[in-house]
Amino acid sequence: MAGASFDLVVIGSGPGGYVAAIRAAQLGMKVACVERYPTLGGTCLNVGCIPSKALLDSSEHFDLARHGFAQHGIRATVELDLPAMMKRKDGVVRDLTRGIEGLFRKHGIERVTGTGSIAGPGAVAVANGGETRTLETSRILIATGSKPTALPGVAFDGRRIVHSTDALALPEVPKRLVVVGAGAIGLELGSVWRRLGSEVLVLEYLDRITPGMDAGSAKLLHRALERQGMKFRFGVSARGARVEGDVVHVDVAPAAGGDATVETCDVLLVAVGRRPFTEGLGLEAAGVRTDARGRIDVDDHWRTNVTGIWAIGDVISGPMLAHKAEEEGVACVERMNGMAGHVAYGSIPNVVYTWPEFASVGLTEEDARAAGREVAVGTFPFLANGRAKAMGEKDGQVKIVADATTDRILGAHIVGPRASDLVAELVLAIELGASAEDVARTVHAHPTLPEAVKEAALAVARRALHA
Ligand SMILES: Cc1cc2nc3c(=O)[nH]c(=O)nc-3n(C[C@H](O)[C@H](O)[C@H](O)COP(=O)(O)OP(=O)(O)OC[C@H]3O[C@@H](n4cnc5c(N)ncnc54)[C@H](O)[C@@H]3O)c2cc1C
């Protein structure tokens, strides 16, 4: 096939890659985006953020209908139709991935299907079904994302011992599900199957859930999940697993060392993190440097050590989040065009979409104190928020961490209903350098959940009105 000349070839069409391609086209670049899968959107749209949230929303409705309607005076007999729930999820994914196809057409971005590799300076080879096409380009942007990490001694079989992709499409509700890893993915998918009827046991190496997030807030979520019937074992690791008939036997050993005990289940979900995906890209031959964890090394402008090659998203360092990848995509392409693209790494929100949700931005109280800062902390419980009460939501709180001297907001940690939406106000507050007083004096509509944010900001100065 004849070669083509592009200003930019993006390898990978996840939220990093496809957003970078759109921004580049907006800036007048001739862009191609190479994707090895038949659909666009990467992990996030196909097997990550979107299908998991579709199932979380559906299973929340199911759970509410079964256990929450009665308190509202509604009697209902409810039955699960899992194939229909899965079909709806697949429909959501299909619509959104097709939406990106439409955006590519609108912006004149050439979509090239196949596996891309760096064929030399300014050349990307795309292999597809025995054919190879070479794209000539002034710039290459690597946005190849990440893959689930496996545990030593625990081999995935796609049916009984699974990673997140398989856990989004189980053909039936497992009677007993063991989840390894109490991070966002493990807790979200554990919640989905718990609500649909599984007994769920979460195994975690550390002594807490959501490692790295605010410890006090994590405790609130932990308690709420336990009340929903999720069970936890902390300070343990899964050393091995084997399938015998329809049963998975999991060897669970104390993290500190000692004898293993055996847990049995129908499905074992390993959710211990993700690793950067660079296989087959030809990084070594191209001389592109990676770090000890296999992440591509980049500088402040997302340039690799090889001129003409950039990298963004899960394949570089930093939190593995879709919005982080998107922001990097935009800023990186703007830098290529001599603009001042920038990512506010200090105010990237992080959300665990359980119910209640757990959303966090900026410094945790522990991190702020460990960094030697004097902090003032304000909290406000949803129990005292009128709208939460009307909704029947009792769990959680808003916690704001501010600098004790300047009152500038350093971090915010929300466990509660729609925490994912509530945190946006505090992301903006941090981005704009706002003080707790600024948020406290902002008028919030009544009765709304965001009033809990205002009250927590008031509580920083010990003057909450409703607690
Ligand atoms: C179950 C689950 C739930 C998640 N939920 C959330 C969430 O709620 N919020 C959030 O922010 N993040 C979430 N994430 C993380 C999020 O999906 C990732 O951070 C995000 O997708 C990273 O974007 P990316 O563009 O860097 O890479 P990816 O989305 O991984 O995309 C990379 C793309 O590159 C393609 N590719 C790789 N190599 C090649 C090659 N050589 N040639 C051609 N194509 C190639 C891949 O096929 C893939 O399509 C979730 C992840 C999982 C697994």
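Step through the residues of region 55-61 one at a time and calculate ³J(HN,Hα) from phi using the Karplus curve (6.51 cos²θ - 1.76 cosθ + 1.60, θ = phi - 60°), rounding each to whole Hz and writing x for Gly and Pro.
6, 5, 5, 4, 5, 5, 4
Sort 85-97, 304-316 by the packing proxy (mean of other Cβ within 10 Å over each peptide's residues), most packed first.
304-316, 85-97
I need the calculated FRET efficiency for the pair T405 and A445, taking r as the beta carbon distance and R₀ as 25 Å, to the nearest 0.05.
Once rounded, the FRET efficiency stands at 0.20.
For region 199-317, with the dipole built from +1 on Lys and Arg beta-carbon atoms and -1 on Asp and Glu ones, taken about the Cα centre, which of L220, T261, W310 lies farthest toward the positive end?
Looking along the dipole axis, the top candidate is L220.
So who's got an amide H within less than 5 Å of the one on K147, skipping anything under 5 residues away but keeping other chains? H placed 1.01 Å off N, in plane.
R275, F277
Could you size up the charge dipole of region 197-251 around its Cα centre, putting +1 on the beta carbon of Lys and Arg and -1 on that of Asp and Glu, and report it in debye to the nearest 20?
200 debye
Could you size up the charge dipole of region 266-392 around its Cα centre, putting +1 on the beta carbon of Lys and Arg and -1 on that of Asp and Glu, and report it in debye to the nearest 20?
Using Cβ point charges on Lys, Arg, Asp and Glu, region 266-392 gives about 220 debye.
Amide H to amide H, which residues 5 or more places from I161 or on other chains are under 5 Å from it, using H placed in the peptide plane?
L268
Calculate what fraction, in whole %, of the accessible area of region 292-394 sits on carbon and sulfur atoms when a 1.4 Å probe is rolled over the protein chains.
49 percent
When the dipole is taken about the Cα centre of region 92-176, and only Lys, Arg (+1) and Asp, Glu (-1) are charged at their Cβ, what size is it in debye, to the nearest 20?
About 260 debye.
For the chain, what is the accessible area per residue in Å² when the probe is 1.4 Å?
45 Å²
Stretch D259-R88 to full length: gain in nm at 0.36 nm per residue minus the Cα-Cα span?
Between D259 and R88, full extension yields an extra 57.1 nm.
For K394, tell me the accessible area in Å² from a 1.4 Å probe, rounded to the nearest 10.
130 Å²
Taking N as the number of residues in the chain, what is its alpha-carbon radius of gyration divided by 2.2 N^0.38 Å?
1.03
If amide hydrogens are placed 1.01 Å from N in the peptide plane, which non-local residues have theirs closer than 5 Å to the one on T448?
The list, which skips near neighbours in sequence, is R387.
The values are calculated or read from the model by the stated rules, or taken from the named source; none is laboratory data. Since the model is a prediction, treat every value here as computed from it, not as a measurement. With ideal geometry, Cβ positions are generated from the backbone for all residues, glycine too; neighbour counts draw on all protein chains shown. Ligands, DNA and RNA are excluded from the accessible area calculation, which covers all protein heavy atoms including side chains. Shrake-Rupley method; radii C 1.70, N 1.55, O 1.52, S 1.80 Å.
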